[in-house]
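J.: What follows is a structure written as structure tokens; I'll ask about it next.
The values are calculated or read from the model by the stated rules, or taken from the named source; none is laboratory data. Owing to the predicted nature of the structure, the values given are computational and were not obtained by experimental measurement. Methodologically, a virtual Cβ is constructed for each residue, glycine included, from the backbone with ideal geometry; neighbour enumeration extends over all protein chains shown. The accessibility values were calculated without ligands, DNA or RNA, using every heavy atom of the protein model including side chains. Shrake-Rupley method; radii C 1.70, N 1.55, O 1.52, S 1.80 Å.
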Amino acid sequence: MEFDFLLPEDFGKKCPLEELVLPESANGLVVHCCCAPCSTSMVEAIITHDIKPVMFFYNPNIFPKEEYEKRRDEWVHLCKLLKLEYHIGDYDYQKYLDSIRGLENEPERGNRCLKCFTHRLTAAALFSKEIGINTFTTTLCTSRWKSKKQVDEAGFSAQNAVEGINYWDQDWRKQGLVTRRYEIVKEISFYNQQYCGCEFSQDKSRYQK
């Protein structure tokens, strides 16, 4: 699927985050990305503060494959516009299913989501180690539909599983970043995603209030 959107003219000029500094021990940054919309204000903040991230797309939970391809291709187009290095992990849906086996009927923000996040962020940590960058973070906690506490738990589990790699638990929702995210998403008119990504999240009755 082809995307032809452009960045807003004010992109990089309206970041509400006044200060952003990598953790002292970081030698660079890998950003695990779940989709283009969730990457917007977060990545704008990162590059505005002179941090050049390596973008990593690993989301084998997305179903069906056509949905995965739409989100992946839109994200690739965004990375190209930003002139950022990007990498795409394998799409192994069966591996994802194996990782959450027995938790299929859990509500959103339940244990299935924690297992899913841990699976994806461990892949991000392994990728970080592979390319020699010792710090990673994720766009997963930019969405109000996700629990930051749960995403951070998964991030630190990934950190513990991969020696020498650190998870950066920066809060990408505060200081106006959520408002800025919606501004950019509205202006670009991204593909309208109707659910989190996995086949189980399509049933909205599973969402916890």
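J.: Could you list, in sequence order, all residues of the stretch 1-47 that are open to solvent by 20 Å² or more (accessible area, probe 1.4 Å) and not in a loop (DSSP other than H, G, I, E, B)?
T.: Passing the criteria: only I47.
J.: Something else: Counting just the residues of the stretch 196-209 that are modelled with pLDDT of 65 or more and not in a helix (DSSP H, G or I), which one comes out most open to solvent (accessible area, probe 1.4 Å)? Working first, answer last.
T.: Quick first cut of the stretch 196-209, residues modelled with pLDDT of 65 or more only: 196-203.
Next, from what is left, pick out any that are not in a helix (DSSP H, G or I): 196-198, 203.
Details: C196: 39, G197: 0, C198: 9, D203: 66 Å².
Among those residues, the one meeting the criterion is D203.
J.: Of the residues K95, K80, which single one is touching a Pro at 6+ places or on another chain (Cβ under 9 Å) and either loosely packed, with under 15 Cβ neighbours inside 10 Å or not in a helix (DSSP H, G or I) (or both)?
T.: Every option except K95 fails the conditions.
J.: Kindly indicate the residue of the stretch 131-160 that is closer than 20 Å to V43 by Cβ, of a type in the set (S, T, N, Q) and in a helix (DSSP H, G or I) and also nearest to the chain's Cα centre (by Cα) among those meeting that condition.
T.: Residue satisfying both the conditions and the ranking: T139.
J.: Tally time: how many residues in the stretch 121-130 are under 16 Å from the mean Cα position of the chain (by Cα) and surrounded by fewer than 18 Cβ atoms within 10 Å (Cβ to Cβ)?
T.: So the answer is 1.
J.: Against the definition (of a type outside the set (S, T, Y), open to solvent by less than 60 Å² (accessible area, probe 1.4 Å) and within 25 Å of Y93 (Cβ to Cβ)), how does Q193 come out, yes or no?
T.: Taking the combined requirement at face value, the residue satisfies it.
J.: Still on this structure, I have one more. If the requirement is being at pLDDT below 95 and not aliphatic (A, V, I, L, M), which of these qualifies: Y167, Y182, Y86, Y96?
T.: Y182
J.: Within the stretch 105-120, restricting attention to residues that are in a loop (DSSP other than H, G, I, E, B) and out of contact with any helix residue (DSSP H, G or I) (no Cβ under 6 Å at 6 or more places or on another chain), which residue is least open to solvent (accessible area, probe 1.4 Å)?
T.: Restricting to residues being in a loop (DSSP other than H, G, I, E, B) and out of contact with any helix residue (DSSP H, G or I) (no Cβ under 6 Å at 6 or more places or on another chain), the top hit is G110.
J.: Which of the residues belonging to the stretch 161-190 are open to solvent by less than 30 Å² (accessible area, probe 1.4 Å) and more than 15 Å from the chain's Cα centre (by Cα)?
T.: Correct list: V162, I165, R180, I184, I188, F190.
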